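*Asks:* Just dropping this structure here.
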Amino acid sequence: MIQQQYPSQLLEKAVAEFAKLPGVGRKTALRLVLWLLRQEDEETEQFAEAVRRLKQEVKYCKTCHNISDTDQCPICADPKRDGSLVCVVENIQDVMAIENTQQYHGLYHVLGGVISPMDGLGPSDIEIDSLVSRVAEGQVKEVILALSPTMEGDTTNFYIFRKLAGYEVKVSVIARGVSVGNELEYTDEVTLGRSIMNRTPFNSNE
């Protein structure tokens, strides 16, 4: 394979950095970098400033670990949300997907991953202990496990179910309208909404 030759080391460096983004190959990275070069200085400065502020100023909600501009995210701070319901998801994209259904009005808990020994992720690497602490406070009446129906998601569901067994809280799981093996964030809104509304009690034998 012939290695791409660049007329500028600065261009090559920029392409290499863009190519680190998920799903972006070097050809796409080159196209993006050349597009930026054609923009006015003000536009590129705004782009760079947005990325800088995102990295330096974004916060994670102290309650649910969702991304936020403040210490508590707008969902947790909203008095109209049902604080007795907590929906457990893998990542921020899943929160966004469920919110888009407009059928869930409780709170969330973002784990930041799922138990996956192959990826070196164990229970202590994700936000399970903080979920148990929330339940221990006594306000949560139902925990909805809304993890992707993969082997890793099911393993994490079972672990959480065992951790919450000693508390007076209902543990349910989203209906299997979401195909086994699918990522939650890529499920259409109608199917996802129905899966939340038609949730069933968690069965440890599943």
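*Asks:* Which of the residues belonging to the range 95-149 are among the hydroxyl-bearing types (Ser, Thr, Tyr), surrounded by 14 or more Cβ atoms within 10 Å (Cβ to Cβ) and either in contact with a Gly (Cβ under 8 Å, 6 or more places away or on another chain) or under 17 Å from VAL171 (Cα atoms) (or both)? I'd like the intermediate steps shown before the answer.
*Replies:* Initial filter on the range 95-149 (among the hydroxyl-bearing types (Ser, Thr, Tyr)): 101, 104, 108, 116, 124, 130, 133, 148.
If we keep only those that are surrounded by 14 or more Cβ atoms within 10 Å (Cβ to Cβ) too, we end up with 101, 104, 108, 116, 130, 148.
The answer is THR101, TYR104, TYR108, SER130, SER148.
*Asks:* Within the group ALA50, ALA14, which residue is surrounded by 11 or more Cβ atoms within 10 Å (Cβ to Cβ), aliphatic (A, V, I, L, M) and part of a helix (DSSP H, G or I)?
*Replies:* Only one candidate passes the filter, namely ALA14.
*Asks:* Now for a separate question. Could you list, in sequence order, all residues of the range 68-93 that are of a type outside the set (A, V, I, L, M, F, W, C) and touching a Ser or Thr at 6+ places or on another chain (Cβ under 8 Å)? Talk me through it step by step, then tell me what you get.
*Replies:* Filtering the range 68-93 for residues of a type outside the set (A, V, I, L, M, F, W, C) gives 68-72, 74, 78-84, 90-91, 93.
Listed by number, the residues that qualify are GLN72, PRO74, GLU90.
*Asks:* Restricting the search to the range 70-94, which residues are part of a loop (DSSP other than H, G, I, E, B) and surrounded by fewer than 17 Cβ atoms within 10 Å (Cβ to Cβ)?
*Replies:* If the condition is that a residue be part of a loop (DSSP other than H, G, I, E, B) and surrounded by fewer than 17 Cβ atoms within 10 Å (Cβ to Cβ), then THR70, ASP71, GLN72, ASP78, PRO79, LYS80, ARG81 are the ones that fit.
*Asks:* Based on this model, can you work out whether ILE98 counts as in the same structural domain as ASP129 (by TED's automatic domain parsing), of a type outside the set (D, E, K, R) and free of Cβ contacts under 8 Å to residues at least 40 places away in the same chain?
*Replies:* Taking the combined requirement at face value, the residue does not satisfy it.
*Asks:* Can you find even one residue in the range 59-69 that is among the β-branched types (Val, Ile, Thr) and either surrounded by 15 or more Cβ atoms within 10 Å (Cβ to Cβ) or touching a helix residue (DSSP H, G or I) at 6+ places or on another chain (Cβ under 7 Å) (or both)?
*Replies:* Within the range 59-69, one or more residues are among the β-branched types (Val, Ile, Thr) and either surrounded by 15 or more Cβ atoms within 10 Å (Cβ to Cβ) or touching a helix residue (DSSP H, G or I) at 6+ places or on another chain (Cβ under 7 Å) (or both).
The values are calculated or read from the model by the stated rules, or taken from the named source; none is laboratory data. Note that this is a predicted model, so its numbers are computed, not measured. Here Cβ is always computed from backbone atoms with ideal geometry, including for glycine, and neighbour counts include all displayed protein chains.
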